[in-house]
1. Would you pick out the residues in the range 149-170 that are in contact (Cβ under 8 Å) with a residue 60 or more places away in the chain and touching an Asp or Glu at 6+ places or on another chain (Cβ under 8 Å)?
2. Looking at residue 168, is it in contact with a Pro (Cβ under 8 Å, 6 or more places away or on another chain) and either of a type outside the set (Gly, Ala, Ser) or part of a helix (DSSP H, G or I) (or both)?
3. Please go through the range 99-139 and give me each residue that is away from ligand 2 (no atom under 16 Å from the Cβ), assigned to a loop (DSSP other than H, G, I, E, B) and open to solvent by less than 40 Å² (accessible area, probe 1.4 Å), ordered by number.
4. Taking only pairs six or more apart or across chains, which ones have beta-carbon atoms under 6 Å, a first residue in the range 181-209 that is free of Cβ contacts under 8 Å to residues at least 24 places away in the same chain, and a second residue that is part of a loop (DSSP other than H, G, I, E, B) and within 16 Å of ligand 2 (Cβ to nearest atom)?
Amino acid sequence: MLIGALEAGGTKMVCAVGREDGTILEQMSIPTTTPEETLPKIVSYFKDKEIQALGVAAFGPVDLDPSSDTYGYILNTPKLAWRNKDLLGGLKELGVPMGLDTDVNGSCLGEMTYGCAKGLDSVIYLTIGTGIGVGVGINGRPLHGMLHPEGGHILLNIHRDDPKGCICPNHANCFEGLACGPSIEARWGRKAAELADRAEVWELESYYIAQALTDFIMILSPRRIILGGGVMHQEQLFPLIRAKVKEMIGGYLDTRELKDMDSYIVPASLHDDQGIMGCIKLGLDALEQAG
Ligand code: ADP
Ligand code: ZN
């Protein structure tokens, strides 16, 4: 059986066809311009592929409530061409059941289905890149709630030695505004990738990431935390984050998982295919629901 997968990102649309076991058979990318131009290109890619369903993981905020009038719409995104535009509606003519979630929930689902979070009843997936997104998986399903979690905008303490602070236009001290790639670049005046050997950069970065993780641990009790996104290519962050999380928990929790920090806070396990594989699972779930 063939399933279509669409990772709808702010800069590119990754379209793929795969099988139930998560194997990707073919893949291509289309630049994200306007909905009017981009959506028909996606439709024409999938039209002759004989897919049984389509799973879509989208940048947001996106309306995930099937009972809402604007289900499948991109909401008030800073990407103006897509603001209040009907993403899913533009793909309806494919005539197959469609499943939808956020990009980070999609990656979280990919890891829960095919990767390092299989069988775990609570897991979180973070992407730390141009922005920060947090996907939450509870009992094998992504958590939605009233909209979907926006864990990139939780409020944190600013470090007293932070030379710059928060760049979020909405918040004075949020996680994304303090720790996303563009924030690192605003603070230190260089591309994040060029700062690899500046210890103070990753010391501060790990301080913010560890604060956020400590909060998520206390609230969601995840069995595992998966960290992806461009900034996490700095692998020296992992030991710094693990040590600081341990310190910030302050001895309050004493679980089997926390005793083994190296397998508790981990990089994504599916070689950057976690997002597209999550879309396969979203398609499969939509097919099952459609009966
Ligand atoms: P996006 O979030 O747009 O999907 P990425 O996850 O690649 O894409 O994130 C891009 C951000 O990650 C940029 O701000 C960039 O500075 C940062 N980044 C990319 N590669 C690296 C790297 N090797 N080291 C540190 N930061 C990086
Ligand atoms: Zn914010």
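The values are calculated or read from the model by the stated rules, or taken from the named source; none is laboratory data. Bear in mind that the values here come from a model prediction, so they are computed numbers and not experimental data. Please note: Cβ atoms are built from the backbone with ideal geometry, for glycine as well, and neighbour counts cover all protein chains shown. To get the accessible areas, we keep the full protein, side chains included, count just its heavy atoms, and leave off ligands, DNA and RNA. Shrake-Rupley method; radii C 1.70, N 1.55, O 1.52, S 1.80 Å.
1. Taking the range 149-170 and keeping what is in contact (Cβ under 8 Å) with a residue 60 or more places away in the chain, we get 150-151, 154.
Passing the criteria: only 154.
2. Criteria not met by residue 168.
3. 115, 116, 117
4. Here the result reads 183/167; 186/164; 186/167, each pair linking the range 181-209 to a residue that is part of a loop (DSSP other than H, G, I, E, B) and within 16 Å of ligand 2 (Cβ to nearest atom).
Conditions (1) over 24 Å from residue 272 (Cα atoms); (2) of a type outside the set (A, V, I, L, M, F, W, C); (3) surrounded by 15 or more Cβ atoms within 10 Å (Cβ to Cβ), marked per residue:
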| site | (1), (2), (3) |
| --- | --- |
| 8 | no, no, yes |
| 13 | no, no, yes |
| 25 | no, no, no |
| 29 | no, yes, no |
| 36 | yes, yes, no |
| 47 | yes, yes, no |
| 55 | no, yes, yes |
